[in-house]
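Visitor: Once you've had a glance at the structure underneath, I'll fire off some questions.
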Amino acid sequence: MMNIALIGNPNTGKTSLFNNLTGSYEYVGNWSGVTVEKKVGLFKNGKDQLIDLPGVYSLNPLSKDEGVVTNFFLEESFEKLLNILDASQLRRNLHLTLQLLEYGAPVTVGLNMLDVAKNRGIQIDIEKLSKSLGVHVAPVVARSGKGCKELAELATGEATVSSEKTLVYYGKAIEEGILQLGQKLNGRTRHPVRWLAIQLFEGNPYVKTYLTTFLPEAEIESIVDSVTVAQQQQSGGIQALDQVIHRKRSDAIEKIVSAATTIPVDGKIPLS
Ligand code: GDP
Ligand code: K
Ligand code: MG
């Protein structure tokens, strides 16, 4: 039995997909500390479980409800992730995907809303997208259930992979900060140092709290301060680390999306 977590931005079709992927058995409760519903369903293979996570745009939470997702990564155990994407909003959706790939768990991507993308004239080369991300991407129509069987087989099967690629290079200051944190942690955490460091530099309070189980808070803050200073020297101006990280991700996403999509020749996106 494997635990597979379903994750994606709000309104990408998570609930529709959850309903299509899971059978009759379903357990519903609340996530601890918040009034957000926690749903766990059994895949139609009768073996593996699908855990429905709240919709988020990023792992760096803006609210306590969103913190459920970061806490899930930090505290619960799961084997794989199923990341649902809105094909008509790839640039926005991939910010979360990059953070999931940084986490290093095996990821399968379900590409939903392809009908909406198509209506706007956006064509996506799924093979190219999959190659760029380094994980399997499968088209799905979450609302009708089309493609769900194939997606379930990919997500629960042997073939699911973690991306071997470093998709975003965050610049010298941040990259050195990642190494610095790694030296201090010295193999004491089960989570990937790169992911922890980037979340910390972005200001994720849950990750900071988690790190205080290994390091004094002052030491953690001194690493963040030194990265901030190094970043300012590098860029010649004051820049918040979260903004630098967001921009680096946007740059990487732009390359991935422009290589894998074609938009209408006149460049206009018709309103659907
Ligand atoms: P969630 O907020 O991520 O749980 O998304 P929902 O499953 O509630 O879906 C949000 C809306 O998108 C609903 O109105 C769905 O019917 C619709 N939806 C889901 N999948 C598709 C799809 O593939 N195409 C289109 N056009 N709409 C979809
Ligand atoms: K919704
Ligand atoms: Mg939902």
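Read-outs throughout are calculated quantities, based only on the coordinates presented, and are distinct from any laboratory measurement. Just so we're clear, the structure is a prediction, and the values are computed from it rather than from any experiment. Every residue, glycine among them, receives a Cβ derived from its backbone with ideal geometry; neighbour counts consider all protein chains shown.
Visitor: Beyond 20 Å, what percent of the Cα pairs of segment 60-185 remain?
Guide: Tail fraction, whole percent: 52.
Visitor: Give the value in nm², to one decimal: projected area of the alpha carbon convex hull of segment 107-163, averaged over all directions.
Guide: Projected over every direction and averaged, the Cα hull of segment 107-163 covers 3.9 nm².
Visitor: Which order do TYR103, TYR170 fall in if you start with the one that has the fewest other Cβ atoms within 10 Å?
Guide: Ranked by crowding around the Cβ, least crowded first: TYR103, TYR170.
Visitor: As I understand it, the dipole of the chain uses +1 on the Cβ of Lys and Arg and -1 on the Cβ of Asp and Glu, about the Cα centre. Which of ILE126, THR213, GLY157 lies farthest toward its positive end?
Guide: Most positive-ward Cα: ILE126.
Visitor: Please arrange ILE7, ILE126 by counting, for each residue, the other beta carbons lying within 10 Å of its beta carbon, fewest first.
Guide: ILE126, ILE7
Visitor: Okay, moving on. Which listed residue (GLY182, HIS95, SER226) has the Cα farthest towards the positive end of the charge dipole for the chain, taking +1 on Lys and Arg C-beta and -1 on Asp and Glu C-beta about the Cα centre?
Guide: Checked the options; the winner is HIS95.
Visitor: Taking N as the number of residues in the chain, what is its alpha-carbon radius of gyration divided by 2.2 N^0.38 Å?
Guide: For the chain, the normalised Cα radius of gyration comes out at 1.03.
Visitor: Taking Cα atoms, how many degrees apart are the long axis of helix 193-202 and the longest axis of the chain, rounded to 10 and kept between 0 and 90?
Guide: On a 0 to 90 degree scale, this one is about 80.
Visitor: So if I place +1 on the C-beta of Lys and Arg and -1 on the C-beta of Asp and Glu, and nothing else carries charge, what would the dipole magnitude of the chain be about its Cα centre? I want it in debye, nearest 20.
Guide: Its charge dipole is roughly 560 debye.
Visitor: So, one more: Give me the lysines in straight-line cross-link reach of LYS118: C-alpha distance below 19 Å, same-chain residues under 8 apart excluded.
Guide: Excluding near neighbours in sequence, the set is LYS128, LYS146, LYS268.
Visitor: Which whole-angstrom value gives the distance between the alpha carbon centres of segment 35-62 and segment 81-150?
Guide: Their Cα centres are 17 Å away from one another.
Visitor: Taking 31 Å as the cut-off for C-alpha to C-alpha distance, list the pairs among LYS14/LYS184; LYS131/LYS208; LYS14/LYS47; LYS64/LYS255; LYS39/LYS172 that go past it.
Guide: From the list (LYS14/LYS184; LYS131/LYS208; LYS14/LYS47; LYS64/LYS255; LYS39/LYS172), the Cα-Cα distance tops 31 Å for LYS14/LYS184; LYS131/LYS208; LYS64/LYS255; LYS39/LYS172.
Visitor: Once you charge only the Cβ atoms, +1 for Lys and Arg and -1 for Asp and Glu, what is the size of the charge dipole of segment 1-158 about its Cα centre, to the nearest 20 debye?
Guide: Here the size comes out at about 480 debye.
Visitor: Return the calculated 222 nm mean residue ellipticity for the chain, to the nearest 500 deg cm²/dmol, obtained by summing -39500 (n - 2.57) across DSSP H runs with n ≥ 4 and dividing by the residue count.
Guide: After summing the helix terms and dividing by the residues of the chain, the value is -14500 deg cm²/dmol.
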